[in-house]
Amino acid sequence: EFDVLVVGGGPAGASASIYSARKGLNTGIVAERFGGQVADTLAIENFISVKATEGPKLVAQLEEHVKEYDVDVMHNQRAAGLERVNNKYEITLENGATLKAKSLVLATGARWREMNVPGEQEYRGHGVAYCPHCDGPLFKGKPVAVIGGGNSGIEAAIDLANIVEHVTVLEFADTLRADEVLIRKANSLNNITIIKNAQTTEVLGDGKKVTGLTYTDRVTGDSKALTLAGIFVQIGLIPNTEWLKISDLELSKFGEILIDAKGATSLPGVYGAGDATNIPFKQIIIAMGSGATASLGAFDYLIRNSEE
Ligand code: FAD
């Protein structure tokens with residue numbers, strides 16, 4: 001039985017496991033893929049104190065740091081269910097095994113919704129980007145597109161307009177779903193163009209990087225092309241919490257694990273961290289901070305609730 005079982009091996013889970021092990025707690029970490037989204041990232045320039053690094057390198061360092069401690073790391077294991085039994089918890093894995101713990105840190109992260117058009121995968125990290133805070137500066141002085149006219153798309157466009165040469169926003173529907181105040185701000189900037197009724201059909205590239213995209217004007221049916229250096233896909237971030245929907249744990253309407261300032265969820269002894277939760281802003285440094293918070297929260301819970 002673990003004192004703290006961490007579910008998820010991204011930056012939030014890695015941080016949680018180290019903080020928990022450093023408290024002398026019997027700690028386990030179960031992860032479908034250690035490293036999480038960081039494993040899919042090329043350049044990282046906003047992990048403060050490290051000027052520049054790359055995803056796989058940071059993942060290796062995370063793993064090395066976790067291995068410094070007595071943490072039971074269970075790779076390639078997917079959690080499928082959570083159950084509360086006598087004030088303790090059981091995590092069922094997809095392979096049928098059950099792990100028992102006095103407290104949990106849930107840090108299963110999130111995934112960006114993709115466009116699913118030709119070229120998107122090929123040029124992911126080579127012009128196709130999902131995080132304006134992360135990759136915006138890579139396109140300084142160049143033309144980019146933002147796919148999606150919701151709040152995150154319009155926020156991204158306003159953010160990028162400060163850095164890049166020009167931003168074209170492509171929205172599938174005939175109206176923008178973003179808040180009025182954001183739309184007004186975007187319309188006031190002379191280097192943002194918003195195109196509605198636009199269905200992106202293909203990411204174009206030269207074999208190495210993005211050179212543009214094609215879209216269909218859904219009103220006229222015409223196919224059109226844009227010349228671009230970057231494409232920011234902003235059509236949704238989906239928390240990996242489907243497996244929690246059958247439990248008693250409270251989720252937001254977007255499926256995010258609801259946590260308070262100490263990382264506590266609606267279940268006593270269960271903490272949440274990182275992109276899977278309702279904390280605003282999804283970043284590596286924020287996920288790591290919230291992993292630390294969650295483990296300190298779990299420690300606080302354990303010293304108040306241990307039977308011995
Ligand atoms: P994740 O990294 O998503 O990790 C989730 C973990 O949970 C993984 O180990 C996963 O395998 C595991 N998991 C999921 N479901 C289950 C399950 N059912 N059972 C067991 N394990 C499960 N942020 C920055 O700060 N700077 C950047 O430059 C940057 N660039 C990015 C580029 C890309 C392409 C992407 C996709 C993201 C980028 N981000 C960047 C965002 C950053 O990667 C995330 O905010 C951060 O990884 C979130 O950490 P996390 O631990 O909460 O979740």
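The values are calculated or read from the model by the stated rules, or taken from the named source; none is laboratory data. What you see is a predicted model; the values in this text were computed from it and never measured. All Cβ positions, even for glycine, are placed from backbone atoms using ideal geometry, and neighbour counts span all protein chains on display. Ligands, DNA and RNA are excluded from the accessible area calculation, which covers all protein heavy atoms including side chains. Shrake-Rupley method; radii C 1.70, N 1.55, O 1.52, S 1.80 Å.
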Putting +1 on Lys and Arg Cβ atoms and -1 on Asp and Glu Cβ atoms, find which of 167, 20, 296 reaches farthest to the positive end of the dipole of the chain. 167
How large is the charge dipole for the chain, taken about the Cα centre, if only the Cβ atoms of Lys, Arg (+1) and Asp, Glu (-1) carry charge, to the nearest 20 debye? 420
Cα atoms only: what Rg and Dmax, in Å, come out for the range 238-308? 12.4, 40
Based on a Kirkwood Rh over C-alpha pairs, give the Stokes-Einstein translational diffusion coefficient of the range 104-262 at 4 °C and viscosity 1.567 mPa s in µm²/s. 78
Distance in nm between residue 64 and residue 206 label points, each 7 Å along Cα→Cβ, equals 3.6
Compute the normalised compactness of the chain: alpha-carbon radius of gyration over 2.2 N^0.38 Å, N being the residue count. 1.09
Suppose R0 equals 30 Å. What FRET efficiency, 1/(1 + (r/R0)^6) with r the Cβ-Cβ distance, do residue 224 and residue 254 give to the nearest 0.05? 0.40
Highest-first arrangement of 87-96, 293-302, 204-213, where packing means the average Cβ count within 10 Å: 293-302, 204-213, 87-96
List the pairs from 102/282; 102/262; 51/208; 142/282; 208/282 whose alpha-carbon separation is above 22 Å, in the order I gave them. 102/282; 51/208; 142/282; 208/282
Packing-wise, with mean Cβ within 10 Å as the measure, how do 191-202, 233-244 rank, highest first? 233-244, 191-202
Counting only backbone N atoms under 20 Å from a point 7 Å out along Cα-to-Cβ of residue 57, the residues of the range 120-150 in range are 125-127, 134-139
Restricting to Cα pairs below 8 Å that are 6+ residues apart, what does the relative contact order work out to for the chain? Please round to a whole percent. 21
Check cross-link reach from residue 57 to the aspartates and glutamates: straight Cα distance under 18 Å, and skip same-chain residues fewer than eight apart. 40, 45, 68, 135
Descending Cα extents along the principal axes, the range 62-112, whole Å: 35, 31, 19
Give the peptides 32-45, 5-18 in descending order of average Cβ contacts within 10 Å, highest first. 5-18, 32-45
Descending accessible area (1.4 Å probe), largest on the left, turns 69, 19 into 19, 69
For 285, 303, the accessible-area ranking with a 1.4 Å probe, largest leading, is 303, 285
Can you tell which of 191, 207, 225 lies farthest toward the positive end of the dipole of the range 128-233, using +1 and -1 charges on the Cβ of basic and acidic side chains (Lys, Arg; Asp, Glu)? 207
Semi-axes, largest first, in whole Å: what does sqrt of 5 times each Cα gyration tensor eigenvalue give for the range 131-172? 16, 11, 8
